[in-house]
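Enquirer: Input: one structure, supplied below.
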Amino acid sequence: MFVHRYTLRLRRGGTREGALLRVDDGFADVHPWPELGDAPLDEQLAILGRGETTELMRASLRLAALDGHARRRGVSLFEGLTIPHSHWPGNEPPGGFDTIKTKGVVDFPPDVRIRIDFNARLLPEELVAIARTLPRERIDFIEDPCPYDQAVWRELRARTGLRLALDRFQGVADVLVHKPALQPAWPSHADVVVTSYMDHPIGQFGAAYVAATHDVNPRCGLFTHVLYEPNAFIERIEADGARLLPPLGTGIGFDDLLERLPWKSIG
């Protein structure tokens, strides 16, 4: 098993660190968010080096196995599949996007559906007050308005009339946000929005593969590469409007770029 550490530069400033994994013939990404409860990257890799895993690492190893199987067959992981459309992450969508997702309340552009993520930072009464100011006919859902409590969320749903979405789900909501980089098991729910983990394009297209192989909400959250400054992988990403196109190559794609990376043995 081999690892390549990387740094992504956010367009708004700052950096994010992760690592690509090479497991036999397959590749995957591990991109922890310590501020959301993940073990930091150094700890993730140390655990893997001891032959152990974390929830995040188990999801990565599963995707690496899928990628490796396709590469050994010499085919794209996306063969015969169509990646679903995505919402635009922000309030300035380019042409072709009919849905946006914002962090909190911002200036909303006209003529698009709106998803708002509050990262569980509100009090219930604050959401009730905010709901009165929103263009209700265009609100698709409110994600994580406040810390999850089934009774509280049920009351908020009744008082606001807005659909509520739960990320990192362990509960009941109108919409479940599923991150394949973190949650290998598929949820049993009627309305699932698959999103990337705001990770490397390898992880991003791992999420795209999961979305393409399940019955999902018609607008997922797979366009997170636009949040980062371009690099060799990001520059290869192509789209048709709001739909990502499968990368060229076998497995998850990016064959030549992956082969040129410096890999370090782990374990």
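Enquirer: Could you check what % of the DSSP bridge pairs in the chain are antiparallel, to the nearest 5?
Expert: Among the beta bridges of the chain, antiparallel pairing accounts for roughly 45 percent.
Enquirer: Also, quick follow-up: If I ignore ligands, DNA and RNA and count only protein heavy atoms, how much of Lys103 is accessible to a 1.4 Å probe, in Å² to the nearest 10?
Expert: Taking all protein chains as shown, Lys103 has close to 130 Å².
Enquirer: Compute, for His85, the solvent-accessible surface of its heavy atoms (probe 1.4 Å) with the complete set of protein chains present, and express it in square angstrom to the nearest 10.
Expert: Its accessible surface works out to 50 Å², give or take rounding.
Enquirer: Any idea of Leu36's accessible area? Nearest 10 Å², probe 1.4 Å.
Expert: Counting only protein heavy atoms, Leu36 exposes about 100 Å² to solvent.
Enquirer: Separate question: Sequence-distant or interchain residues sharing an amide H contact under 5 Å with Asp140, placed H: which?
Expert: Correct list: Ile114, Arg115.
Enquirer: Now for a separate question. Taking all protein chains together and a probe of 1.4 Å, list Ser60, Ser188 from the most accessible to the least accessible.
Expert: Ranked list, largest accessible area first: Ser188, Ser60.
Enquirer: How many percent of the accessible area of the chain is carbon or sulfur, using a 1.4 Å probe?
Expert: That share works out to 50 percent.
Enquirer: In degrees from 0 to 90, rounded to the nearest 10, what is the angle of the helix 201-212 Cα long axis to the longest principal axis of the chain?
Expert: 60
Enquirer: Right, here's the next one. Ranked by accessible surface with a 1.4 Å probe, highest first, in what order do Thr7, Thr133, Thr224 come?
Expert: Listed by decreasing accessible area, they come as Thr133, Thr7, Thr224.
Enquirer: Further, regarding this structure: Would you compute, for the Cα atoms of the range 128-224, the largest minus smallest coordinate along each principal axis and list the three values in descending order, in whole Å?
Expert: 40, 25, 21 Å, listed from the longest principal axis down.
Enquirer: Roughly how many Å² is the accessible area per residue of the chain, as a whole number, for a 1.4 Å probe?
Expert: Per-residue value: 47 Å².
Enquirer: Tell me whether the range 1-97 comes out rounded, prolate or oblate; compute the Cα gyration tensor, take square roots of the eigenvalues as a ≥ b ≥ c, and use a/c under 1.5 as the rounded threshold.
Expert: It comes out oblate by the Cα gyration axes.
Enquirer: Could I ask something else about it? For n ≥ 4 DSSP H runs only, could you compute -39500 (n - 2.57) per run for the chain, divide by its residues and tell me the 222 nm figure to the nearest 500?
Expert: So the calculated ellipticity at 222 nm is -7500 deg cm²/dmol.
The values are calculated or read from the model by the stated rules, or taken from the named source; none is laboratory data. Just so you know, these numbers come straight off a predicted model, no measurement behind them. The accessibility values were calculated without ligands, DNA or RNA, using every heavy atom of the protein model including side chains. Shrake-Rupley method; radii C 1.70, N 1.55, O 1.52, S 1.80 Å.
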